[in-house]
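Novice: Pasting a structure here, questions to come.
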Amino acid sequence: MTTPHERLAELGLTLPEVVPPVAAYVPAVQSGVYVYVSGQLPIAGGELLAKGKVGADVTAEEARDLARQCGLNVLAAIDALVGLEYVVKVVKVVGFVASAPGFTGQPTVVNGASELFGEVFGEAGRHARSAVGVAELPLNAPVEVEAIVEVATA
């Protein structure tokens with residue numbers, strides 16, 4: 001059976017460093033068999049990869065790639081806290097999309113993260129989800145993704 005880390009390598013992906021919080025919270029917390037991951041922005045190498053509204057400053061396709069980066073940051077937070085090998089199920093994903101007026105493609109944008117979780121965890125990566133359009137996100141980010149995962153206990 002392929003581990004999540006092996007699957008990431010097969011996909012040509014490397015987990016980034018955990019993104020430091022931009023306010024008074026932690027990247028992820030465990031409560032019982034669940035890990036709750038704080039909203040992750042599309043940050044790589046310490047830099048926000050894009051700014052602005054999807055449908056105006058950022059295309060839907062670019063935003064989908066940004067959501068994938070958010071998903072990688074979610075995985076990094078989980079790995080640092082408990083280890084990806086302990087993930088039993090991705091339970092719930094919430095994606096927030098800073099949307100220009102009239103933009104209604106939020107589900108397609110958040111697919112960037114959802115599809116990543118499916119690629120890494122297979123059936124265990126299929127999850128419930130919300131994709132929400134919002135007026136503004138922290139640091140003027142175009143997208144933010146949070147997740148809840150179930151983990152095995154030792």
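A short reminder: the numbers here are calculations on the coordinates, not readings from a lab. Everything numeric here is computed off the predicted structure, so don't read it as measured data. Note: ideal-geometry Cβ built from the backbone for every residue, glycine included; neighbour counts use all protein chains shown.
Novice: Can you tell me how many residues within the range 17-41 are within 17 Å of Asn73 (Cβ to Cβ), touching a strand residue (DSSP E or B) at 6+ places or on another chain (Cβ under 6 Å) and part of a loop (DSSP other than H, G, I, E, B)?
Specialist: Going through the range 17-41 one residue at a time, the tally reaches 4.
Novice: Considering only the range 69-95, how many residues are assigned to a strand (DSSP E or B), surrounded by fewer than 22 Cβ atoms within 10 Å (Cβ to Cβ) and more than 10 Å from the chain's Cα centre (by Cα)?
Specialist: 4
Novice: Next up: Kindly indicate whether any position in the range 96-106 is loosely packed, with under 15 Cβ neighbours inside 10 Å and assigned to a helix (DSSP H, G or I).
Specialist: No, there is no match, as no residue in the range 96-106 is loosely packed, with under 15 Cβ neighbours inside 10 Å and assigned to a helix (DSSP H, G or I).
Novice: Pairs please, first residue from the range 60-72 and on the phi > 0 side of the Ramachandran plot, second anywhere and of a type in the set (Gly, Ala, Ser), Cβ atoms under 9 Å, 6+ apart in sequence or on different chains.
Specialist: Partner pairs satisfying both residue conditions: none exist.
Novice: Take the conditions surrounded by 18 or more Cβ atoms within 10 Å (Cβ to Cβ), closer than 12 Å to Val149 by Cα and of a type in the set (A, V, I, L, M, F, W, C) and apply them to Leu66. Does it pass?
Specialist: On the way: surrounded by 18 or more Cβ atoms within 10 Å (Cβ to Cβ): yes; closer than 12 Å to Val149 by Cα: no; of a type in the set (A, V, I, L, M, F, W, C): yes.
Taking the combined requirement at face value, the residue does not satisfy it.
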